[in-house]
1. Please sort A:121-133, A:138-150 by packing, taking for each peptide the average over its residues of neighbouring beta carbons within 10 angstrom, highest first.
2. Placing +1 on the Cβ of each Lys and Arg and -1 on the Cβ of each Asp and Glu in chain A, which of A:148, A:37, A:21 has its Cα farthest towards the positive end of the resulting dipole?
3. Work out the charge dipole of chain B with +1 on the Cβ of Lys and Arg and -1 on the Cβ of Asp and Glu about the Cα centre, then indicate which of B:54, B:209, B:104 is farthest towards its positive end.
4. Report the one residue of B:115, B:93, B:30 whose Cα lies farthest in the direction of the positive end of the charge dipole of region B:27-130 (charges on C-beta: Lys and Arg +1, Asp and Glu -1; origin at the Cα centre).
5. Explain nothing, just the number: dipole magnitude of region A:10-98 about its Cα centre with +1 on each Lys and Arg Cβ and -1 on each Asp and Glu Cβ, in debye rounded to the nearest 20.
6. Using Cα-Cα distances under 8 Å and only pairs 6 or more residues apart, what relative contact order does chain A have, in percent?
7. Using only the alpha carbons of the protein assembly as shown, what is the convex hull's orientation-averaged projected area in square nanometres?
8. For region A:135-222, with every protein chain kept in place, what is the accessible area per residue (1.4 Å probe, Å²)?
Amino acid sequence: MYATLSRAQRLQRHLRGQGEALIFLLPAYALFLLFLVLPLLEALWLSLHQEDLFGRGRVWTGLANYQEAVSRPEFWKSAWLTLKFALITAPLELLLGLLAALLVYRPYPGVALFRTLFFLTTAVPTAVAAVAWGWFLHPVGGLANRLLASLGLPPQPWLTSPELALPTLAVITAWAGVGFTAVLLTAGLQNIPAEILEAVEVDGAGPWTRFWRITLPLLSPTLFLVGLLVVLKSLTAFGQIHLLTRGGPAESSMVWIYRVYQDAFFNFRVPLAAAEALLLFVVLLLLAALQFWLLGRRVHYG
Amino acid sequence: MGRRRRLWPTYLLAGGYALLLLLPLLTLLSASLRPEGDLYAPGLLPPRPSLEAYQEALTKFPLGRFLLNSLLVSSLITLGVLTTSFLAAYALARLRFLGREALFGLAVALLLVPGEVTFLPLYLLVDRLGWLDSYLALTVPFLASPLGVFLLRQFLRTIPEDYFDAARIDGANHWQMLRHVALPLSAPALGALAALTFIGAWNMYLWPLVVTKSREMQTAQIAVNFILNEEVARWNVVAAAAILVLLPSLLAFLLAQRAFVRGIAMGGLKG
């Protein structure tokens, strides 16, 4: 049918197609350009300039901001805290989510109720999660210290000691993410063919063997991807830290993104903060690249 | 009978674990139902339950306004994302034009840019536009989403060509095909994207924190922060405010759990 059209007709059709496509694409891509691409470029521009102390302009300083950022011990402290935070949050969140997923991925009477309960934290806003934990860990009224006391253990300064604040925040973050992880891992578990599990069951394998030898290996690609996702999320955790510790005590929970916020809005060092944010972006990109690479592998070999 | 007996361990384990997980929320609920004198009384249940704290939270803080702000902002963002994403996704999946692959590639690349990295220059931009402390700042930058474009484009490509061919033979143009073929068939994907976007917008914290100045413009999340700061010792009032902020998203989750779950599964694994 296409071949019967004359060249002019085809050209006309082609141009009309281009115009039509433009109308469809314009709203989304104009917004992308203005609010994603432009800010990203401006962050880059900012990070290469310095505030002029006398005028209101900015002067080009090359990589000076980056040099300053990485030469500050605070920066490395924040990077280390972020890593520590992610290293506690991610495994814990995976473990908690996996336990929930294992309990609800197969249908049984009443499973819907448990799914709702386990997936529920996805609907709990960060601010509410933070307040709930703030009270749960309250030095006087909190249940956590009461439970410790009933076991004969001393109360803990969960959010007020430099040693405990960051791990506590990591636990809170893992808790807030359980719903999210449980949803993804439930889907992953449901994708494991039931025939395989049934076949080994017939062969007399107990539930323990089945889990370690069949379920876990078959789930491991999903587990790895979800793990990366959780790491990426935890590297930009902000709300719970802002609400509960403000980066303290003694900067013990001053993670990378909080440092950016602090430098920009309290120390008024916008270009420096931009450099710090871009360095964080590089780390996130590397992790995302790893994720895509693994996704590609999974598609080819999975 | 035998089956039910075999299920007991599962019920016990799942019930116990769920209780443990929800404990912080339950203690929050319990604190919100206590009058100030009973706040530190032991036990999970409030000894003399009362709605005093709720009453105080509601009279002392414009919680209705905060929740309305959040609702308005989240709804506008969701509506915007659905519209802009669906239009762009339709073009990327169904139209032939120059640079299609490059534009799709751009959306995929932008998926990788987290808001936490761009918030600083975005703040400066919004400041220059004179939008600080307004609904414009809270909504406009988020009316389009690379994830939305990506997910819907992938979904639209799974719709068999035959459906569109049938419409084309009837003389339908692209607008008509978008409305009468693509739109009804995309309902599940749109629902999932809506749930994902809404919850994301409802949860926004860093951005509303930096762009809102006046109390009237604060969203519910930010309001929780301010109430926590103002009512340091009065946890029952803080708890009541937090429970009130939790209720709408909890209700939305319970009503549309299927869409939420699908949205997370879709968005979480990004294809």
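The values are calculated or read from the model by the stated rules, or taken from the named source; none is laboratory data. A quick note: this is a predicted structure, and the numbers were derived from the prediction, not measured. Here the Cβ positions follow ideal geometry from the backbone for every residue, glycine too, while neighbour counts run over all protein chains shown. Ligands, DNA and RNA are excluded from the accessible area calculation, which covers all protein heavy atoms including side chains. Shrake-Rupley method; radii C 1.70, N 1.55, O 1.52, S 1.80 Å.
1. Values: A:121-133: 26.2, A:138-150: 16.1.
Packing order, densest peptide first, comes out as A:121-133, A:138-150.
2. Selected residue: A:21.
3. B:104
4. Value: B:93.
5. Numbers: 8 positive and 7 negative charges, 80 e Å.
With Lys and Arg at +1 and Asp and Glu at -1, about 380 debye.
6. Numbers: 302 pairs, mean separation 77.4, N = 302.
Normalised by residue count, the contact order of chain A is 26 percent.
7. Numbers: hull surface 132.6 nm².
One quarter of the hull surface, i.e. the mean projection, equals 33.1 nm².
8. Details: 4280 Å² over 88 residues.
I get 49 Å² per residue for region A:135-222.
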